[in-house]
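No lab work stands behind these numbers, since they all come straight from the coordinates. Just so you know, these numbers come straight off a predicted model, no measurement behind them. Cβ placement follows ideal geometry from the backbone for every residue including glycine, while neighbour counts extend to all protein chains displayed.
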Ligand code: SF4
């Protein structure tokens with residue numbers, strides 16, 4: 001297991017800590033093989049379109065905490081996408097049982113030219129006090145940006161001083177965009193700050209409490225875990241500062257996406273002995289069964305789990321069989337973040353679709369728990385077979401368009417909104433599901449199968465769109481190999 005050092009203010013980025021990469025073309029099994037043999041090599045790009053930013057991912061871990069407030073320490077533009085989380089909070093709050101969702105408290109120090117020259121410590125200190133006075137937040141999170149990192153503001157020092165004066169945790173999160181090519185490093189930065197400042201040593205272990213590290217998915221675990229005599233402790237969206245503090249008292253930690261939560265799970269296990277489930281999340285029948293059985297083993301609920309699985313099979317397998325017959329042989333392409341992308345591949349394959357290709361935003365050869373059994377891509381390939389055209393591509397849309405133009409799948413399944421438009425423009429029926437719990441377990445297969453049928457049957461809109469859309473990419477680019485601008489790719493080979 002990789003040691004997590006909570007004494008340090010900052011967490012190492014994924015490319016250093018885990019050996020993660022953002023460039024690869026080949027098959028999924030080749031990628032798994034390279035990772036297992038320690039031969040995973042980053043293939044840099046000689047041309048790149050814009051990327052995501054760690055700041056946004058770090059913000060994702062803290063903005064949805066009910067009684068927290070967030071300060072982006074930087075130019076106001078660095079927080080320009082944070083409103084999306086506020087919107088998500090309101091829309092999805094109802095699916096998480098929030099009857100009266102509180103307003104999100106998001107601020108920016110709005111660094112300008114003057115602070116960039118003379119330093120931003122004072123404006124940060126003033127902003128923390130102002131935010132505390134205005135919001136009464138139980139914790140204030142500071143997410144750093146390229147500007148505050150480059151000018152070398154003493155964010156940790158300012159936070160310490162403010163914390164001692166105000167009496168609430170002031171949590172610095174070091175997530176400057178330039179730190180890492182892998183924006184999911186921002187998740188780790190957010191959880192590092194949370195683990196250092198908010199998680200308290202256990203007062204009394206709660207043998208029925210299970211930590212669930214997730215995004216904003218619908219609350220399905222109250223019912224599912226309830227059948228096992230367990231309770232979910234959702235982390236960190238929609239939780240409170242106090243709930244987070246008690247996460248050390250849980251009997252186990254599970255993640256719906258290891259790309260998101262592996263750092264939190266590993267920190268809880270290392271610091272407080274809360275065991276983490278080290279198998280893939282429950283997407284597809286094989287991993288659903290494995291996941292529930294592992295949960296049963298860890299919580300002493302083996303018998304209850306077998307009853308639950310039998311009930312789920314009886315209820316959903318007949319419809320899953322019908323959906324398989326209807327979807328058999330349809331060709332799909334998946335574009336998503338790493339671990340959830342692997343889960344989506346499993347869901348599609350379980351439903352009988354052929355996943356010929358995938359464009360996945362990065363690859364972690366291992367997670368922070370160091371367990372090979374948690375390797376979601378390895379598990380998907382083992383359970384469902386290879387994905388022949390698997391690329392690791394950090395949202396390089398020009399690469400995705402090239403691949404889609406070659407493959408022309410029957411379905412594009414995307415996890416991120418910006419990617420769906422390319423399916424539409426090419427006339428490919430495209431499905432985007434924001435709720436990460438939608439595909440979980442046996443019911444999730446029915447959910448997805450029915451939505452996919454809907455999308456395939458109602459393709460008139462994308463067909464029309466394709467007739468009128470202007471493709472910004474030239475025929476020259478569409479004729480190149482998709483890896484042309486990757487190190488060792490076709491462009492380099494030709495010269
Ligand atoms: S932190 Fe850096 S990469 Fe991120 S939005 Fe700001 S300037 Fe851009």
Estimated 222 nm signal from helices in the chain, with DSSP H stretches of n ≥ 4 weighted -39500 (n - 2.57), rounded to 500: -14000 deg cm²/dmol
Volume per residue of the C-alpha convex hull in the chain, rounded to whole Å³: 150
Pairs of alpha carbons in segment 130-180 whose separation is greater than 19 Å (percent): 30
By average C-beta atoms within 10 angstrom, highest first, the peptides 231-239, 424-432: 231-239, 424-432
Label-point gap, in nm, between residue 178 and residue 103 - each point 7 angstrom along Cα→Cβ: 3.6
Length added when fully stretched, residue 84-residue 492, from 0.36 nm per residue minus Cα-Cα: 143.0 nm
Extension reserve of the residue 231-residue 310 stretch, reckoned as 0.36 nm per residue once the Cα distance is removed: 26.4 nm
Estimated inter-spin distance, residue 325 and residue 30, nm [label 7 Å along Cα→Cβ]: 3.9
Separation in nanometres of the label points that stand 7 Å from Cα toward Cβ, at residue 206 and residue 76: 4.0
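Starting from the Kirkwood Rh over alpha-carbon pairs, what translational D in µm² s⁻¹ does segment 1-110 have by Stokes-Einstein at 37 °C and 0.692 mPa s? Working shown, then result.
Numbers: Rh = 17.5 Å.
Calculated translational D: 188 µm²/s.
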Neighbour-count ranking [beta-carbon atoms within 10 angstrom, fewest first] of 419, 298, 440: 298, 419, 440
Linear extension gain, residue 37 paired with residue 438, 0.36 nm per residue minus alpha-carbon span: 140.9 nm
Per-residue Cβ neighbour rank within 10 angstrom, fewest leading, 118, 473, 448: 118, 473, 448
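Find, to one decimal place in angstroms, the Kirkwood hydrodynamic radius of segment 52-180, where the mean of 1/r is taken over every pair of different Cα atoms and then inverted. Numbers along the way, then the final one.
On the way: mean 1/r = 0.0677 Å⁻¹.
Kirkwood radius, segment 52-180: 14.8 Å.
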Overall form of segment 302-494 per C-alpha gyration tensor (a/c, 1.5; a/b vs b/c): oblate
Cα centroid of segment 13-74 to Cα centroid of segment 414-437, whole Å: 20
Part-to-part distance (alpha-carbon centres) for segment 216-269 and segment 181-198, which is given in Å: 16
Cα shape, segment 1-48, gyration tensor, a/c 1.5 rule: oblate
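Order of 113, 492 from fewest to most other C-beta atoms within 10 Å?
Numbers: 113 8, 492 14.
Fewest-to-most Cβ neighbours within 10 Å comes out as 113, 492.
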Cα gyration tensor category, rounded, prolate or oblate, for segment 209-283 with a/c compared to 1.5: rounded
